[in-house]
Amino acid sequence: MDQDALLFRRYLEGDESAFDKLMEGLFFRLVYFIDGIVHDTFAAEDIAVDVFAELVASPKRFDGRAGFKTFVFMMGKSRALNYLKHRKVVEFTELSEAEGLAAERSQLEEKVLHSERQRVLAEAIAQLPEQMRQAVHLVYFEGLSYAQAAKAMDMSAKYVDNMLQRAKKQLAGIIGEEGRELL
Amino acid sequence: MRTIEEFKEEITQRSQVKAKRNKRRNIAVISTCCLLVVCVVCAAVLIPPRGPVGRNNYNYTRPEGRDLMASLKPVALGTKAAPDAGAKELADFALKLFKATAKDGENTLVSPLSAIAVLGMVANGAGGETLSQMEKVFGLPVDKLNDYLHSYVGSLPQSADKYKLDMANSIWFRDDGSLKVNQDFLQKNADYYGAAAYAEPFDAETVKNINDWVKKNTDGMIEEIIDDINPSEVMHLINALAFDAYWETPYKSHQLLNTTFNGRHGSTDKVLMMNSTESVYYSGEGFEGVGKPYKDGKYSFVALLPEMGSSVEDLVSSLDGAKLYEILSSPQKEFRVETQIPKFEIEYEAQLGDALKAMGMKDLFDSDLADLSGIGRSAAGKLFIGSVIQKTYISVDENGTKAAAATDAIAYATGFDPNLRFVILDRPFLYMLVDNQTNTPFFIGTVMDIEK
């Protein structure tokens, strides 16, 4: 059982500090991943809260067969896509609202991207097509295996592998050879 | 940005709301096989209203919209004994659909009968490779499927105050002149499926009308099937099923015990367990099971329990249509079976498109390859099926079982051109020869018949 799954089990057995550790390790990273899909940091926060609330309310949903992080990101992606499907188009009526969203995003990046290298990569992968970006994010930023990333994205591992090969080429084009080495 | 502690507080509050909602539903994890078998058995011993499959919707009052069925009368096809071909093929389809749809470790509920009713209606407008693929998945040619569903359903008895299974079908399409629907397609679905047809503006009011129709025809168990309609959608083909039956022997209060259910990964849920002694037993490699009849024994709840150490997924993998049909056809009646069934209630929603594609219906969902020319023509180009949504509901308690399903196949046109119209002069019309300078006719006539 992976470390996060162990923490979750300890939380279910009554150890509140285990849940704090899970939140510290995963929450903002989940928000960042979801924000890459919905492009609205406030909405991403709300969706991430919903994912964790669902885990607390219905812990049996996690059966331990996928890794805990894989499971959480899978739920996050599913809810993010659902959000996009049901979202009404909202137009900002005031510049301050757009500025507020940008500021929130910026603070999120500060929490999640810990090095200049990560920042450079984040900027580069933002230019990739949507699914390719998600695959790179899960494998590079979140450290999931190809199989785990495939499960989180509801695709075959082979497809994820192909996408990452193509992503390497594209990243090399964007930020030079370092992009190829990063993966 | 809020702090992690603030987010944690919000998570705690929201989880309490979710937990209360879950408790009200009294959801329990149950063997997905039980649910599959309930669906298959309900399908296998289906009782329709008398007459053609589906409900006669002429009495359904619609305040707005043109009811195209006003000009179409279903041809009375008569009822005959259900042909032998059909039952095994449908059991096979049912199991394949379930396997392709079910999510490991999650409660699942699908209605293969509701799905195949909708697909049968679609198939009546399909041609070429699209139709071939559909027929291969059905295991039957579409004409045999029409015959089978119509005859099977028409030949079963019913008793309104002890058990009922109502089925209704409808076809809804965009009424702005951009879509021309073949009358033959509507007539065939009226004859075999009792389908009502509604021409609608496909606006917010149409969304409400469709959802109202689903709610009415599922006895309120499914309140809505769609959230909105997007501009590319041109047709919705919908089936609604409502099942309600009392147990042959209802449970008495001393037979109801609060105990625990051992969930998927070791959790224990508090459930109300319903105890009884039954007389229908099933057994086979890796499982044993029980059958509990509803009133008059026309329907049953059948549960198959995998042996200790093996999983529901293993059991489902080991089954195919023929094996399941064999199991259900071979109950053992010489045993007394002490049984506990938990009270439970489940709602489920599935997009069946991926499952149907995996089963072999690829072209139907392909905007370039789909051949739905038998349905009609759209100004926007080829018709194809964009999605097939199914919502289901079941509630099993001490009195009996209520279940419902609604399936919606949504047809899209490849592009939507609001400025294109059809005017097809295939019925009596007025014509004129007009002087464009003066905009006056110098000949006026009518065509009522085309004489050879």
Query raised in the report: Quick one: which of B:GLY105, B:GLY65, B:GLY120, B:GLY86 is at pLDDT 75 or above and on the phi > 0 side of the Ramachandran plot?
Result: B:GLY86
Report task. Could you tell me whether B:LYS96 is out of contact with any helix residue (DSSP H, G or I) (no Cβ under 8 Å at 6 or more places or on another chain) and within 16 Å of B:SER317 (Cβ to Cβ)? Result -> no
Report task. Please identify the pairs in which a residue from region A:103-121 that is outside the structural domain of A:LEU30 (by TED's automatic domain parsing) and under 16 Å from A:PHE33 (Cβ atoms) has its Cβ atom under 7 Å from the Cβ atom of a residue that is in a helix (DSSP H, G or I) and of a type in the set (Val, Ile, Thr), counting only partners at least 6 apart or on another chain. Result -> A:GLU104/A:THR41; A:ARG105/A:THR41; A:LEU108/A:VAL31; A:LEU108/A:THR41
Report task. Might you let me know whether region A:9-22 holds any residue that is closer than 17 Å to B:THR3 by Cβ, under 14 Å from the mean Cα position of the chain (by Cα), in a helix (DSSP H, G or I) and more than 9 Å from chain B (Cβ to nearest Cβ)? Result -> no
Requested in this report: Examine region A:86-104 for a residue that is part of a helix (DSSP H, G or I), touching an Asp or Glu at 6+ places or on another chain (Cβ under 8 Å), under 30 Å from B:ALA358 (Cα atoms) and at pLDDT below 80, and state whether such a residue exists.
Outcome: yes
Requested in this report: Mind listing whichever residues of region B:206-236 are more than 14 Å from every other protein chain (Cβ to nearest Cβ), within 20 Å of A:ASN82 (Cβ to Cβ) and part of a helix (DSSP H, G or I)?
Outcome: B:ASN211
Requested in this report: Taking A:LYS69 as the residue in question, decide whether it is more than 13 Å from chain B (Cβ to nearest Cβ) and either buried (at least 20 other Cβ atoms within 10 Å of the Cβ) or more than 23 Å from B:LYS20 (Cβ to Cβ) (or both).
Outcome: yes
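Let's see how each residue does on (1) within 19 Å of A:LYS69 (Cα to Cα); (2) within 14 Å of another protein chain (Cβ to nearest Cβ); (3) crowded, with 18+ Cβ neighbours inside 10 Å:
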site	(1), (2), (3)
A:GLN107	no, yes, no
A:SER115	no, no, no
A:ALA126	no, no, no
A:SER145	yes, no, no
Query raised in the report: Of everything in region A:51-64 that's free of Cβ contacts under 8 Å to residues at least 40 places away in the same chain and facing chain B (nearest Cβ under 7 Å), which residue is nearest to B:ASP104 (Cα to Cα)?
Result: A:ASP63
Query raised in the report: Would region B:334-347 turn up any residue that is within 18 Å of the chain's Cα centre (by Cα) and surrounded by fewer than 23 Cβ atoms within 10 Å (Cβ to Cβ)?
Result: yes
Query raised in the report: Quick check, is B:LYS270 surrounded by fewer than 17 Cβ atoms within 10 Å (Cβ to Cβ), modelled with pLDDT of 85 or more and not aromatic (Phe, Trp, Tyr)?
Result: no
Query raised in the report: Which numbered condition trips up B:ALA380, out of (1) within 25 Å of B:GLU224 (Cα to Cα); (2) at pLDDT below 90?
Result: (1)
**Report entry** Boolean, B:ASP203 is away from chain A (no Cβ under 14 Å) and within 24 Å of B:LEU383 (Cα to Cα)
**Finding:** yes
Query raised in the report: Name the residues in region B:183-205 that are part of a loop (DSSP other than H, G, I, E, B) and surrounded by 18 or more Cβ atoms within 10 Å (Cβ to Cβ), would you?
Result: B:GLY194, B:ALA195, B:PHE202
Query - Enumeration of residues in region B:300-349 that are assigned to a strand (DSSP E or B) and more than 21 Å from B:VAL396 (Cα to Cα) - result: B:GLN332
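The values are calculated or read from the model by the stated rules, or taken from the named source; none is laboratory data. On a predicted model such as this, the values are computed, not experimentally measured, just so you know. Heads up, the Cβs are rebuilt from the backbone with ideal geometry, glycines too, and the neighbour counts pull from every protein chain shown.
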